[in-house]
């Protein structure tokens, strides 16, 4: 579904990604783990068109999207939940959700999807007229995920969804991510510092280190790998 081929992404003269290659099959949950500064967010920014690579190729559903602007990538079926949520704080919860659905014209499906995100996160229904900026950190993360879902993505890209959340909320968010994958068949590409939680729900994983993929395997195998356990799982 998604093929990333030998991409090199730069910030000025600094090479942040040094020839990354990975692939995502339809219906999978893939996780990308690594330390701070390894290049995880840059990988997502490159894939989503925000920071295009200088070299290499990115193919989505058979179409080369390497130099495609972000809004066209969204129209092709990819939505991102960015690190730090980046909701619209002055807009209401409902208006934030409407922004997620901005490119859509299928009103009946839109209504069903709105009902679905309110079922996933009932608190958002209760706070639908409340400004996004007044929500708690956990509620804002729920809103960011829901806003991305309102674009009706085939592939949902999440950047550090557990960041800054209490453990109970982290478990809730990860349960919802799994549910979205199972119920809708939505492909999930997850970047996460909480490697333990990410590998528990993923099918496969990639380990990123200093802008390079240094390891890839099934999530179960990575959880048993002693190097991964020592470096990322704290065991």
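All of the numbers you see were taken from the coordinates with simple rules; none came from a lab. Note that this is a predicted model, so its numbers are computed, not measured. Here Cβ is always computed from backbone atoms with ideal geometry, including for glycine, and neighbour counts include all displayed protein chains.
Dividing the mean sequence gap of close Cα pairs (under 8 Å, 6+ apart) by how many residues the range 85-152 holds gives a relative contact order of 57 percent. At the listed q of 0.25 Å⁻¹, the Debye profile of the range 85-152, built from one uniform point per Cα, gives log10 I(q)/I(0) equal to -1.06.
What is the chain's relative contact order, in percent, from Cα pairs under 8 angstrom and six or more apart in sequence? Display every interim value, and only then the final one.
Values: 439 pairs, mean separation 64.5, N = 235.
In percent, rounded to a whole number, it is 27.
Taking every DSSP beta bridge that has both ends in the chain, the antiparallel portion is near 55%.
Kirkwood's formula applied to the C-alpha pairs of the chain gives a hydrodynamic radius of 18.0 angstrom. The angle between the Cα long axis of helix 167-184 and the main principal axis of the chain comes to about 90°, on a 0 to 90 degree scale. Considering only Cα atoms, the convex hull volume of the range 103-235 works out to 132 Å³ per residue. For the peptides 62-68, 183-189, the ranking by mean Cβ contacts within 10 Å, running from highest to lowest, is 183-189, 62-68.
Which of the peptides 5-14, 40-49 is most tightly packed, and how do the rest follow, judged by the mean count of other Cβ atoms within 10 Å per residue?
So the order, starting with the most tightly packed, is 40-49, 5-14.
When its C-alpha radius of gyration is set against 2.2 N^0.38 Å (N residues), the range 51-167 gives a value of 1.12. Counting 0.36 nm for each residue step from residue 233 to residue 218 and taking away their Cα separation leaves a gain of 3.8 nm. Computed per residue of the chain from DSSP H runs no shorter than four, each worth -39500 (n - 2.57), the mean residue ellipticity at 222 nm is -10500 deg cm²/dmol. Treating r as the C-beta distance of residue 55 and residue 75 and R0 as 25 Å, the FRET efficiency rounds to 0.50. Cα centroids of the range 161-235 and the range 1-41: 15 Å apart. Residues of the range 173-195 with an amide N closer than 18 Å to a point placed 7 Å from the Cα of residue 104 along the Cα-to-Cβ direction: 177, 179-188.
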